[in-house]
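S.K.: Have a look at the structure that comes next, please.
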Amino acid sequence: NRLLGMGEAPWRVHTVGFPAIDLIQDGNYATSNELVDIYELDLAKPVILFTQHSVTTEFHEAANQIKPALFALKKLALAGAQIIITYPNNDAGGRKIIDTINDFSRSDFLGIKNIQIYSSLGRYNYHGILALASNPENQICCVGNSSSGIKETPAFGCPTVNIGSRQEGRLRAENVIDAEYDEASIYKSIESCLYDKNFRETSLTCINPYGIGDAGIKIAKALDEIEI
């Protein structure tokens, strides 16, 4: 709609979906056994995957914006949840977020064994953890403000907490709960993802507005049929 509003001719615009969903549908990601070995997970307990990036227009607030989430994660970890934290991307403000995470690891997180911090999991393991949610017996939750929480988690039926304004205005499926930069709001939203039976069932059966994994086929078809 934005492209059409800018004056592009309708025949030039084709809605095909998000190509990363094609990769997900191929099933090329880590198995539960691999993940249990790598991250020493106990799938009888909740697993929370957390990534929070800076907001481009609010990068000077990045450190303050991530602290409520880290406090909420600490509280959940003390209650038995397994937390996997990954670093943000290299947008402005990202370094402040990394420094804040590292400060927490040396102070508030000190001695809490079920909080793990990584610079990156890589797509193979990241998608593998999200895929754990496709088993209703597992309590898996994606938390933060990454676009993957909006566009990729529905493909796995993974309940998601989206924090703050970074994804504001972006289309999302019914598996996403929006939370403010507030410890209580984030904690409550994560609890709903882990323990609210109705919301967990909704997440498992939601329709992903970013496609079903046939973007590559649609792209090839559009290119093949357009007269040049």
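S.K.: Output the 0 to 90 degree angle, nearest 10, between the alpha-carbon long axis of helix 215-225 and the longest principal axis computed from the alpha carbons of the chain.
M.R.: Taking the Cα atoms of the chain, the angle to 215-225 is about 20 degrees.
S.K.: Another question, if that's okay. Quick one: which residues, 5+ away or cross-chain, put their amide H under 5 Å from the amide H of D108? H built at 1.01 Å from N.
M.R.: Under 5 Å from the amide H of D108: no residue qualifies.
S.K.: About the Cα centre, and with charges only on the beta carbon of Lys, Arg (+1) and Asp, Glu (-1), how big is the dipole of the chain? Nearest 20 debye, please.
M.R.: 320 debye
S.K.: Here's a follow-up. Any aspartates and glutamates with Cα under 19 Å of the K45 Cα? List them, leaving off those in the same chain fewer than 8 positions away.
M.R.: Filter leaves E34, D37, E137, E191, D196, E201.
S.K.: Where only protein heavy atoms count, and the probe is 1.4 Å, what is the accessible area per residue for segment 1-160 in Å²?
M.R.: Each residue of segment 1-160 exposes 48 Å² on average to a 1.4 Å probe.
S.K.: Given the rule -39500 (n - 2.57) for each run of at least 4 DSSP H residues, summed and divided by the residues of the chain, what is its mean residue ellipticity at 222 nm, to the nearest 500 deg cm²/dmol?
M.R.: Calculated from helices alone, the mean residue ellipticity at 222 nm is -12000 deg cm²/dmol.
S.K.: Out of residues 5 or more away from Q82 or on other chains, whose amide H comes under 5 Å of its own, with H placed 1.01 Å from N in the peptide plane?
M.R.: HN-HN under 5 Å from Q82: V47, I48.
S.K.: In terms of Cα to Cα distance under 27 Å, which lysines are near enough to K96, apart from those fewer than 8 places away along the same chain?
M.R.: Result set, ordered by chain and number: K67, K74, K75, K113, K151, K188.
S.K.: First compute the accessible area of segment 84-228 with a 1.4 Å probe, then give the percent of it belonging to carbon and sulfur atoms.
M.R.: With neighbouring chains kept in place, the figure for segment 84-228 is 50 percent.
S.K.: Rounding to the nearest 10 and keeping the result within 0 to 90°, find how far the Cα-based axis of helix 183-195 lies from the longest principal axis of the chain.
M.R.: Between helix and principal axis, roughly 70 degrees.
S.K.: Hey, can you grab everything whose amide H is under 5 Å from the amide H of D178? Only 5+ residues off in sequence or another chain; H modelled, so Pro and N-termini drop out.
M.R.: N162
The values are calculated or read from the model by the stated rules, or taken from the named source; none is laboratory data. Note that the structure is predicted; figures quoted are calculated from it, not measured. Positions of Cβ are backbone-derived with ideal geometry, glycine not excepted, and every protein chain shown enters the neighbour counts. Ligands, DNA and RNA are stripped out before the accessible areas are found, and what is left, the full protein with its side chains, is counted by its heavy atoms. Shrake-Rupley method; radii C 1.70, N 1.55, O 1.52, S 1.80 Å.
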